Amino acid sequence: MSEAGKIQAALRLGCNQLKFFSHTAILDAQVLLAHILGRSKAWILAHPEFPLPINAQNDYISALNRLCKGEPLPYVLGNWEFYGRQFKVDSRVLIPRPETEGLIEFGLNCIDRLDRPCTLLDVGTGSGCIAITFTIERPDARVFAVDRSRAALTLAKENAYDHEVVEQIQWVQGDLLSAMHARFDLIVANLPYIPSTRLEHLSVGTHEPWEALDGGVQGLGLIKALIMQLPDRLAENGIALLEIDESHGNDVIAFVKELFPMADVTLEPDLAGLDRYITIKGLKHD
């Protein structure tokens, strides 16, 4: 029997290999093996002497090799959790982060304050996790999702199909709001916001799509471009909700106030206490 012949031995092997590449090597090995066996992590821990089939051993070792080369765990698994649901992810899209779930919470609160069904736009939809989650959580909302990447939209539709909402979302390929012609009660965007020079030194840019991370020289290029388009696409009393880098809050507020002095702009923290979300409302229409 190989060194990964039983669960306990396989976990030991995984931890020994991953400890040089991950701060969560033990957890990563457990999650990976549970995924390959189609079992829960609790089951894995409760059956240390369970013999692994040869195909499972091979799949596990192959997956460990991918992780040791720097490939993110969600890509190796092929899916990742967002707001309590599983979404397919691969190198076509950004891996959903926990802080982005805050956009859902703020957005649901905005929807619930409306006295009519909401019309919502997810800008830069990527894996589709934001648009799909809003559609599931508020089935009476009219949800649109736009992305400039055809490959990302293809994966987003696969996720929507898996969650049985593909026909409930309008999918649009386009750059920010340029392809949209309606007005929306809520515009939600998690756009690239890492400065180009910083991204060059981050491992995240090695495997995840560069265009989903690169925010330009200061990290605000796409965010500022979107803000400039908002008056033409927000409905009366509409709200824009943006995720930003924790260092950009004051800069974004200043930019909005410069363009729209009467706008109501607020900055909200994520669960870690970092400035993360900007809400913009009160934009006047011509």
Legend entry - Qualifying position, being in the same structural domain as residue 238 (by TED's automatic domain parsing) and farther than 28 Å from residue 205 by Cα, among 109, 55: 109
Inset, instruction - Could you give me the residue pairs with C-beta distances under 8 Å whose first residue belongs to region 140-162 and is closer than 13 Å to residue 172 by Cα, whose second residue is in a helix (DSSP H, G or I) and hydroxyl-bearing (Ser, Thr, Tyr) wherever it lies, and which are 6+ apart or on separate chains? - result: 143/135
Legend entry - Of residues in region 85-102 being out of contact with any Ser or Thr (no Cβ under 9 Å at 6 or more places or on another chain) and not charged (D, E, K, R), the one farthest from residue 202 (Cα to Cα): 86
Legend entry - Count - residues of region 255-267 that are out of contact with any helix residue (DSSP H, G or I) (no Cβ under 7 Å at 6 or more places or on another chain), under 13 Å from residue 279 (Cα atoms) and not β-branched (Val, Ile, Thr): 2
Inset, instruction - Filter region 26-70 down to residues that are in contact (Cβ under 8 Å) with a residue 60 or more places away in the chain and among the hydroxyl-bearing types (Ser, Thr, Tyr), then give me how many there are. - result: 0
Inset, instruction - Please go through region 13-50 and pick out each residue that is closer than 17 Å to residue 75 by Cβ and not in a helix (DSSP H, G or I). - result: 21, 22, 24
Legend entry - Looking only at region 207-235, and only at residues there that are over 17 Å from the mean Cα position of the chain (by Cα) and modelled with pLDDT under 90, the one that is nearest to residue 273 (Cα to Cα): 219
Legend entry - Candidates 113, 92, 138 - the one that is among the basic types (Lys, Arg) and surrounded by fewer than 15 Cβ atoms within 10 Å (Cβ to Cβ): 113
Legend entry - Residues satisfying the stated conditions in region 1-22, i.e. modelled with pLDDT of 90 or more, exposed (fewer than 15 other Cβ atoms within 10 Å of the Cβ) and either not assigned by TED's automatic domain parsing to the domain that holds residue 40 or not aromatic (Phe, Trp, Tyr) (or both): 8, 16, 19
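Yes/no per residue for (1) out of contact with any Gly (no Cβ under 7 Å at 6 or more places or on another chain); (2) assigned to a helix (DSSP H, G or I); (3) of a type in the set (S, T, N, Q); (4) within 21 Å of residue 238 (Cα to Cα):
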site	(1), (2), (3), (4)
91	yes, no, yes, no
104	yes, yes, no, yes
108	yes, yes, no, yes
114	yes, no, no, yes
121	yes, no, no, yes
135	yes, yes, yes, yes
158	yes, yes, no, no
Legend entry - Of the criteria (1) surrounded by fewer than 18 Cβ atoms within 10 Å (Cβ to Cβ); (2) in contact (Cβ under 8 Å) with a residue 12 or more places away in the chain; (3) in the same structural domain as residue 266 (by TED's automatic domain parsing), which one residue 122 fails: (1)
Inset, instruction - Kindly provide the set of residues from region 176-211 that are hydroxyl-bearing (Ser, Thr, Tyr), surrounded by fewer than 17 Cβ atoms within 10 Å (Cβ to Cβ) and more than 17 Å from residue 240 (Cα to Cα), ordered by number. - result: 197, 203, 206
Inset, instruction - Quick one: which residue in 49, 71 is surrounded by 14 or more Cβ atoms within 10 Å (Cβ to Cβ), of a type outside the set (Lys, Arg) and either in contact with a strand residue (DSSP E or B) (Cβ under 7 Å, 6 or more places away or on another chain) or within 26 Å of residue 97 (Cβ to Cβ) (or both)? - result: 71
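The values are calculated or read from the model by the stated rules, or taken from the named source; none is laboratory data. Computed from a prediction, not measured in an experiment: that's the story for all the values here. Reconstructed Cβ throughout: ideal geometry from the backbone, glycine too, with neighbour counts over all protein chains shown.
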